[in-house]
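Notes follow the structure.
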Amino acid sequence: MGRVNVFLKDKLLDEINEEAREEGTNRSALIQTALGKYLEGKRCEREEEEKRKKMQEASRRMDALAKKLGKWDPQATIRKLRDTNLKSDS
């Protein structure tokens, strides 16, 4: 396990010590837990941002495709393909 020296404001250190006492743990364990949760939260934020970007890109591409295709009736197209396939199966 690595060792790190960190400078903290006195008030923050007092709060950490108090919280550690209330939790029945030591300062190092409390700081490790807090940093672990912080880092996990940051990872989740990055993943959510990446998902959001991908969804925006997909939406942009769908809009571009819709513009390129113009007005069309998807139900009619599906019915036409279905009917064509049914006739060829007969």
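The values are calculated or read from the model by the stated rules, or taken from the named source; none is laboratory data. Being a predicted model, the structure only gives us computed values, none of them experimental. Reconstructed Cβ throughout: ideal geometry from the backbone, glycine too, with neighbour counts over all protein chains shown. Only protein heavy atoms, including side chains, enter the accessible area calculation; ligands, DNA and RNA are left aside. Shrake-Rupley method; radii C 1.70, N 1.55, O 1.52, S 1.80 Å.
Once both labels are positioned 7 Å from their Cα atoms along Cα-to-Cβ, the gap between Asp73 and Glu15 label points is 6.5 nm.
Shown here for the chain: trypsin sites (Lys or Arg not before Pro) in loop regions (DSSP other than H, G, I, E, B) with at most 15 other Cβ atoms within 10 Å, namely Arg3, Lys9, Lys71. What the Kirkwood sum gives for the chain is a hydrodynamic radius of 19.3 Å, with every pair of different alpha carbons counted. Accessible surface calculations at 1.4 Å, restricted to protein heavy atoms, place the range 1-82 at 98 Å² per residue. Which of the listed residues, Leu81, Ser28, Gly41, is farthest toward the dipole's positive end in the chain, when Lys, Arg count +1 and Asp, Glu count -1 at the beta-carbon? Value: Leu81. For the chain, chymotrypsin sites (Phe, Trp or Tyr not before Pro) are listed when DSSP marks them as loop and at most 14 other Cβ atoms sit within 10 Å of their Cβ; the list is Phe7, Trp72. Mean residue ellipticity, 222 nm, helices only, the chain: the sum of -39500 (n - 2.57) across DSSP H runs of n ≥ 4, divided by residue count and rounded to 500, is -28500 deg cm²/dmol. Surface composition of the chain: carbon plus sulfur atoms hold 55% of the accessible area, using a 1.4 angstrom probe and ignoring ligands, DNA and RNA.
Using only side-chain charges placed at the Cβ, +1 for Lys and Arg and -1 for Asp and Glu, the dipole size of the chain relative to its Cα centre rounds to 980 debye. Taken over the alpha carbons of the range 51-90 as equal point scatterers, the Debye sum produces base-10 log I(q)/I(0) values at 0.21, 0.24, 0.30, 0.31 Å⁻¹ of -0.72, -0.77, -0.90, -0.92.
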